Ligand code: HPA
Ligand code: ZN
């Protein structure tokens, strides 16, 4: 490996944008299908991988939701989560904030309780086994109704201590932030932090980012690359100290570009941009691969790579002492 790649691989890291259901690798999908006595329309994990054919958000989401059909029991959610945490511990990820999509499971008859108990137990066991710290963010599916999102919010309240915040994902087309204004207000009142996908190159991306700021008043922005098209918007994002969780390899699959020049531009402009993996089992690349792809394509300096990781610790929803402790580990690594 080149020196820069070795440096990136060894860095202590944080991940702020990963959908736990998007970490379901074909091999595990096969194992779970077998355990649950389900037939998959593929002969092998490789054949399944080759059938992954998407070039935009809707075509990806179709395959992503189909893939979830094998997740039925608490143990399935445990195995899914544990496998991801074990994998990224191997990449020196110290901290991960994971999205989960309860509505994608409750519509299939899998209870909220089943989903969250499995994920939570894996979080505890991974903490014990690897020292990796994690928090959960519940996402509402924006192509479902606001009423359905409100139901998910109500269901979540019994597990409030296990969930740090709420987000919004799935298909953005025709589903602007304002559709969920009441739900997000209610979530805020219940003490959740707020974030929201501002997916890349959507129709009305810039207007939707403005809504995210002015109508929802989120604490963070997921993706948000198109903010660069509006300098006043960039200034406002900086003023509010909002972290952006960009996912370059993912962007390269659902748009014509990995948007690494945009990541560099955000860094240069002083925006708190971070690099993340999104759905690493579908957009191949975990944290290390995403950082390496960004560094190589945009020709980032070592300082810029370090800044990306610093931004992630800084923008994480942890206590100040935890952020300081993790940032010190990063500084020590850079110094040695
Ligand atoms: N965008 C929107 N919804 C999603 C994504 C994404 O990248 N991944 C999983 N659900
Ligand atoms: Zn995402």
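Return yes when residue 169 is within 14 Å of the chain's Cα centre (by Cα), touching a residue at least 40 places away in the same chain (Cβ under 8 Å) and within 16 Å of ligand 1 (Cβ to nearest atom) and no when it is not. Yes, satisfied.
Residues are listed down the side, and each one gets a yes or a no for (1) more than 16 Å from ligand 2 (Cβ to nearest atom); (2) touching a helix residue (DSSP H, G or I) at 6+ places or on another chain (Cβ under 9 Å); (3) without any contact (Cβ under 8 Å) to a residue 60 or more places away in the chain; (4) part of a helix (DSSP H, G or I):
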site: 79; (1), (2), (3), (4): yes, yes, yes, yes
site: 86; (1), (2), (3), (4): yes, yes, yes, yes
site: 103; (1), (2), (3), (4): no, yes, yes, yes
site: 119; (1), (2), (3), (4): yes, yes, no, yes
site: 127; (1), (2), (3), (4): yes, yes, yes, yes
site: 134; (1), (2), (3), (4): yes, yes, yes, no
site: 139; (1), (2), (3), (4): no, yes, no, no
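Among the residues examined, residue 50 qualifies as in a helix (DSSP H, G or I) and out of contact with any helix residue (DSSP H, G or I) (no Cβ under 9 Å at 6 or more places or on another chain).
Would you check if there is a residue in the stretch 184-195 being at pLDDT 95 or above and within 16 Å of ligand 2 (Cβ to nearest atom)?
Taking the stretch 184-195 first, the residues at pLDDT 95 or above are 184-195.
Pick out the ones that are also within 16 Å of ligand 2 (Cβ to nearest atom) and you get 194-195.
Checked against the condition, which is being at pLDDT 95 or above and within 16 Å of ligand 2 (Cβ to nearest atom), the stretch 184-195 yields at least one hit.
Pairing each residue of the stretch 55-70 that is touching a residue at least 60 places away in the same chain (Cβ under 8 Å) and farther than 15 Å from residue 202 by Cα with any residue that is near ligand 1 (Cβ under 10 Å from one of its atoms) and assigned to a helix (DSSP H, G or I), provided the two are 6+ apart or on different chains, yields no C-beta distance under 6 Å.
Filter the stretch 1-38 down to the residues that are at pLDDT 95 or above and in a loop (DSSP other than H, G, I, E, B), then identify the one that is farthest from ligand 1 (Cβ to nearest atom). Spell out the reasoning first.
Going through the stretch 1-38, the residues at pLDDT 95 or above turn out to be 3-38.
Next cut, in a loop (DSSP other than H, G, I, E, B) only: 11-12, 24-25, 36-38.
Working: 11: 24, 12: 25, 24: 11, 25: 15, 36: 22, 37: 27, 38: 22 Å.
Looking at residues that are at pLDDT 95 or above and in a loop (DSSP other than H, G, I, E, B), I get 37.
The number of residues in the stretch 283-306 being part of a loop (DSSP other than H, G, I, E, B) and within 16 Å of ligand 2 (Cβ to nearest atom) comes to 4. In the set (1) within 22 Å of residue 98 (Cα to Cα); (2) touching a helix residue (DSSP H, G or I) at 6+ places or on another chain (Cβ under 9 Å), the condition left unmet by residue 164 is number (2). Any residue in the stretch 194-209 that is within 26 Å of residue 68 (Cα to Cα), more than 14 Å from ligand 1 (Cβ to nearest atom) and in contact (Cβ under 8 Å) with a residue 12 or more places away in the chain? Yes, the stretch 194-209 contains at least one residue that is within 26 Å of residue 68 (Cα to Cα), more than 14 Å from ligand 1 (Cβ to nearest atom) and in contact (Cβ under 8 Å) with a residue 12 or more places away in the chain. Applying the set (1) under 26 Å from residue 59 (Cα atoms); (2) more than 16 Å from the chain's Cα centre (by Cα); (3) away from ligand 1 (no atom under 16 Å from the Cβ) to residue 291 leaves exactly one unmet item: (2). Suppose we keep only residues that are closer than 18 Å to residue 169 by Cα and surrounded by fewer than 19 Cβ atoms within 10 Å (Cβ to Cβ) within the stretch 22-60. Which one would you say is farthest from ligand 2 (Cβ to nearest atom)? Out of the qualifying residues, it is 55.
Within the stretch 141-153, can one find any residue that is crowded, with 22+ Cβ neighbours inside 10 Å, within 16 Å of ligand 2 (Cβ to nearest atom), modelled with pLDDT of 95 or more and under 20 Å from the mean Cα position of the chain (by Cα)? Yes, there is a match, as at least one residue in the stretch 141-153 is crowded, with 22+ Cβ neighbours inside 10 Å, within 16 Å of ligand 2 (Cβ to nearest atom), modelled with pLDDT of 95 or more and under 20 Å from the mean Cα position of the chain (by Cα).
The values are calculated or read from the model by the stated rules, or taken from the named source; none is laboratory data. In this text the structure is predicted, and so the values were computed from the model without any measurement. Glycine gets a Cβ as well: all are built from the backbone with ideal geometry, and neighbour counts include every protein chain shown.
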